[in-house]
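To keep things clear, I will list the structure first and then write my remarks on it.
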Amino acid sequence: MLEQIDNWLKDVKRKYAFGLAIFMALASIEVKKKYGDFFKEGDTEDVEPNDPRFPMLINKVTAIYNIVRANPDKYAEALSKIGAPIIRTNDQVKQIIALNEERETLQAKISELEDLDEDKAAEIDNLQEEIEDKDKTIDELKEQLKTQGVKVMEGKDLPKTIKSKYDRVKDIVPLMAAIHAELKDTSITDEQRKAKAAELCRLDDERRTLWDDIDAYLNEYNSVLTEENKFRYSEDPVIRGTQIANRMVRLKENIRRNQEAAERHKASNKPNLEQKALEKVSQMQVELDELTVMINETK
């Protein structure tokens, strides 16, 4: 495999994807944290030689080659993995989320069986084995993320300032659920309904803004939370319109700030930071476009 790396470095028609596979298999966690997302962004199959990522990747692979050549036995296992398909971080996180949900369902079934008077030991053992299999798969996925330089976190692992935002989100969810229930009460007055709707929209905007801050932290430190953020807009047309309008205002402001950040990073010759800012702009623009369509459909 060392010979293949050497051949790739010498080949003027080298393929970006293979160089990326070398980088992901052999670069240190710290280096992958710094450059991994930048190198993996977008299409990695047909990258042109004039793409700014390409010469940077060649430099990194050259450094890796020199290190590995000095001690090939140490990197034997990693060398054997070169050429394996690169799984997107997002796919792995989705798998972990799905497995955790399946695990919770199985655990709930075990609790139900334990509450029965009948002897359900055999069924419980089978369910417990299923849970153990899912735990093993989850651990394997987390290890894959770790080798890509991605840190898998839970809410308790977040730093104090970000955890306070995370905890506030957890507090907001039941509050919003309670207001939704109160709005279904036909006995409340129009004024009460209006006040509750306004409070619901305020909490919805706060929750989305807090998650924006949490996501920004996770992106900056190449970390993930293995839980899904399920945002839904109200079925009430008036509340729904206000929620969407508030979110669009917030998105436009965040897009503007990240575009300005990208320009600053470009002027400072910091391509990876520029790329991250532009990625955020792209993601937020997609959401903004979707909301624009939703608003237009209601007119």
Answer in debye to the nearest 20: the dipole magnitude of segment 89-149 about its Cα centre, from +1 Lys/Arg and -1 Asp/Glu charges placed on Cβ, is 620 debye
Helix 16-26 sits off the longest principal axis of the Cα atoms of the chain, rounded to the nearest 10 on a 0 to 90 degree scale, by 90 degrees
Computed over the chain: longest principal axis from alpha-carbon atoms vs helix 160-183 long axis, angle to nearest 10 degrees, is 40 degrees
In segment 160-235, the trypsin sites (Lys or Arg not before Pro) that sit in a DSSP loop and have at most 14 other Cβ atoms within 10 Å of their own Cβ are 184, 230, 232
Taking alpha-carbon centroids only, segment 125-198 lies from segment 257-299 a number of Å equal to 26 Å
Here the alpha-carbon Rg of segment 2-80 over 2.2 N^0.38 Å rounds to 1.04
Checked against a 32 Å limit on the C-alpha separation, the offending pairs among 13/136; 60/170; 146/170; 33/134; 10/134 are 13/136; 60/170; 10/134
Note on segment 152-298: alpha-carbon gyration tensor, axes a ≥ b ≥ c; rule is a/c under 1.5 for rounded, else prolate if a/b larger than b/c, else oblate; result oblate
Ranked by GNM mean-square fluctuation in the chain (Cα springs under 10 Å), the top entry among 115, 91, 289 is 115
Pseudo-spin-label distance residue 69 to residue 54, built 7 Å along Cα→Cβ, given in nm, is 2.3 nm
In degrees rounded to 10, the 0-90 angle between helix 237-267 Cα long axis and the longest Cα principal axis of the chain is 30 degrees
For the residue 233, residue 203 Cβ pair and Förster radius 22 Å, calculated FRET efficiency rounded to 0.05 is 0.95
Any GluC sites (Glu not before Pro) in segment 142-217 that lie in a DSSP loop and have at most 13 other Cβ atoms within 10 Å would be 154
With -39,500 (n - 2.57) per DSSP H segment of 4 or more residues and division by the full residue count of the chain, the 222 nm estimate, nearest 500 deg cm²/dmol, is -25500 deg cm²/dmol
Candidates 120, 32, 134; GNM for the chain (alpha-carbon contacts under 10 Å) flags as most fluctuating 120
In debye to the nearest 20, the charge dipole size for the chain, taken about the Cα centre with +1 at each Lys and Arg Cβ and -1 at each Asp and Glu Cβ, equals 2100 debye
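Since every read-out is calculated from the coordinates, none of them should be taken as a lab result. Fair warning: this is a prediction, and the values are worked out from it, not measured in the lab. So basically every Cβ, Gly included, is an ideal-geometry build from the backbone, and we count neighbours across all protein chains shown.
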